[in-house]
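Asks: What follows is a structure written as structure tokens; I'll ask about it next.
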Amino acid sequence: MLSQTGSKTPLERFRCFATSDVDEAREIVARHFCNHRLGRFSASDSFDACQNRVSGQHLSLNYLRYGADVAIEPGELSDFYLVQVPISGAADVRNGCRSMVSTPAVASILNPDRHTAMRWHAGCEQILLQIETGFLQEVAARMAGVSVGQVRFEPEFNLLSQEGAAWARRLRGILGAVEEGRAFQGTGILEQRHLEEALVGTLLEFQPNTVSPLLERQETGKSPAILKRAVKLIGERFADDISLLDISTHARTSPRNLQLQFRQEFGCSPLQYLQNVRLSYARHLLLSEGRGLPVAEVAYRSGHRHLGRFSVAYRERFGETPGATGRAQRFG
């Protein structure tokens, strides 16, 4: 968990505003995020809004409070994801069909294509990580090794889990580096990009999302060059009708040698590896576009030409039918 010490606010030297005027607060916050509704639940509590903000290349770090009990309704964010980490107080958050109570133990992740409405209770103070939609999708595609559709997260992020605590420590370390002038405005272009990629990459790894099935594939960082060439071809052309000979020819080796190397590295044949990639991509499609995408279309787009065999293989791999995955709406 992130914690605040003393009366000093995080990112204090990057102050944007401090005001007791609701309209002024709404207008300035809207410039940095998006148009939204902001209203007070009671005129008797103290409205004491404050925002600190520092921008990087593709994301921004923010400290935000309103002091009073307020309702916030931005609707769909569209252009950015927003990770909200309370450092005090609590907020009721609804993103799409998912509702949650966010506290210093539980962060929230707002998916940009889902309607958002919130209530920040009096005393709620949060660190907000704003991530450009295109940048997150770019990082996700590079990590997965294939093009990806809509990326959608489980909105409730447990900061007390091992993975959540590790990510929170990383965020806390970046905040400290920013305040000491060693990150964001004090960082070179390449170093800043690496920092942003690492923060987004670990979020994709730790927090369940629609790309998670694609990230479970084994890595080939230390594999021989022929394996790297084979895996690259499979990642680029898994939806096509490719054969073992196609793969071995591209990898510049014999089918038998390629079989042996795949068995040694991955414990499966090249065609089994290809099938695993196809099934993982099918699950990604179902998680991200499920209700609006027919199972037959999912099968075709993931390289399966026989619907019945696809359904059987999918159920064996994931323990449920493709239709059940599509209907579940796991990520709002």
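Asks: Please report, in debye to the nearest 20, how large the charge dipole of the chain is about its Cα centre when each Lys and Arg carries +1 at its beta carbon and each Asp and Glu carries -1 there.
Replies: With only Lys, Arg, Asp and Glu charged at Cβ, the dipole is about 1200 debye.
Asks: Can you give the log10 of the normalised intensity I(q)/I(0) at q = 0.15 Å⁻¹, computed with Debye over equal Cα scatterers of the chain?
Replies: Log-scaled intensity ratios, in q order: -1.19.
Asks: Which value does Rg/Rh take for the range 1-146 over its C-alpha atoms, Rh per Kirkwood? Mind dumping the intermediate values first?
Replies: Working: Rg = 15.1 Å, Rh = 15.7 Å.
Taking Rh as the inverse mean 1/r over Cα pairs, Rg/Rh reads 0.96.
Asks: Provide the FRET efficiency to the nearest 0.05 for the LYS232-GLN57 pair, computing r from the beta carbons and using R0 = 22 Å.
Replies: Step by step, r from the Cβ atoms, then E = 0.20.
Asks: I need to check one value: relative contact order of the range 217-328, counting alpha carbon pairs closer than 8 Å and at least 6 residues apart, in percent.
Replies: Rounded, it is 23 percent for the range 217-328.
Asks: Moving on. Between helix 270-289 and the chain, what is the angle of the helix's C-alpha long axis to the longest principal axis, kept within 0 to 90° and rounded to the nearest 10?
Replies: Tilt of helix 270-289: around 30 degrees.
Asks: Can you list residues whose amide H is under 5 Å from VAL106's amide H, if they're 5+ apart or on another chain and H is modeled 1.01 Å from N?
Replies: HN-HN under 5 Å from VAL106: LEU159.
Asks: Could I ask something else about it? Need the C-alpha centroid separation for the range 117-179 versus the range 57-101, integer Å.
Replies: For the range 117-179 versus the range 57-101, the Cα centre distance is 12 Å.
Asks: Work out the FRET efficiency for VAL101 and ALA225 from their Cβ-Cβ distance, taking R0 = 41 Å, and round it to the nearest 0.05.
Replies: Once the sixth-power term is evaluated, E becomes 0.20.
Asks: Helix-derived [θ] at 222 nm for the chain: sum -39500 (n - 2.57) over DSSP H runs of at least 4, divide by residue count, nearest 500?
Replies: One gets -13000 deg cm²/dmol as the mean residue ellipticity at 222 nm.
Asks: Just to be sure I understand the model, the point goes 7 Å from the Cα along the line to the Cβ. What's the resulting GLN272 to GLU205 distance in nm?
Replies: The two pseudo-label positions are separated by 2.6 nm.
Asks: Evaluate the relative contact order of the chain (contact order divided by residue number), counting alpha-carbon pairs under 8 angstrom at least 6 apart; express in whole percent.
Replies: 14
Asks: Continuing with this model, one more query. Taking the Cα-to-Cβ direction at ALA165 and at ASN35 and moving 7 Å from each Cα, how far apart do the two end points lie in nm?
Replies: 4.5
Asks: Could you tell me the calculated FRET efficiency between GLU27 and ASN257, based on Cβ-Cβ distance and R0 = 56 angstrom, to the nearest 0.05? Please list the in-between numbers first.
Replies: On the way: r = 66 Å, r/R0 = 1.17.
So, using R0 = 56 Å, E works out to roughly 0.30.
Asks: Compute the relative contact order of the range 12-209 as a whole-number percentage, counting only Cα pairs closer than 8 Å that sit 6 or more residues apart in sequence. Working shown, then result.
Replies: Values: 400 pairs, mean separation 37.9, N = 198.
Worked out over the range 12-209, it gives 19 percent.
Asks: Roughly how tilted is helix 307-318, in degrees to the nearest 10 and between 0 and 90, from the longest Cα axis of the chain?
Replies: Taking Cα atoms only, the helix is inclined about 60 degrees.
Asks: Let me ask something else. Relative to the longest principal Cα axis of the chain, at what angle does helix 189-206 sit, 0 to 90 degrees, rounded to 10?
Replies: For 189-206 against the chain, the angle is about 80 degrees.
Asks: Among 159-165, 87-93, how do they line up by average Cβ neighbours within 10 Å per residue, starting with the highest?
Replies: Descending mean neighbour count gives 87-93, 159-165.
Asks: In nm, give the distance between the simple-model label positions of SER44 and ARG330, each being 7 Å from the Cα along the Cα-to-Cβ direction.
Replies: With each label placed 7 Å out from Cα toward Cβ, I get 4.6 nm.
Asks: Could you give me D for the range 217-328, from Stokes-Einstein at 10 °C and 1.306 mPa s, where the hydrodynamic radius is the Kirkwood radius over C-alpha pairs? Units µm² s⁻¹, please.
Replies: Value of D from the Cα-based Kirkwood radius: 109 µm²/s.
Read-outs throughout are calculated quantities, based only on the coordinates presented, and are distinct from any laboratory measurement. None of the values given here were measured: they were computed from a predicted structure. No Cβ is skipped: glycine too gets one built from the backbone with ideal geometry, and neighbour counts run over all protein chains shown.
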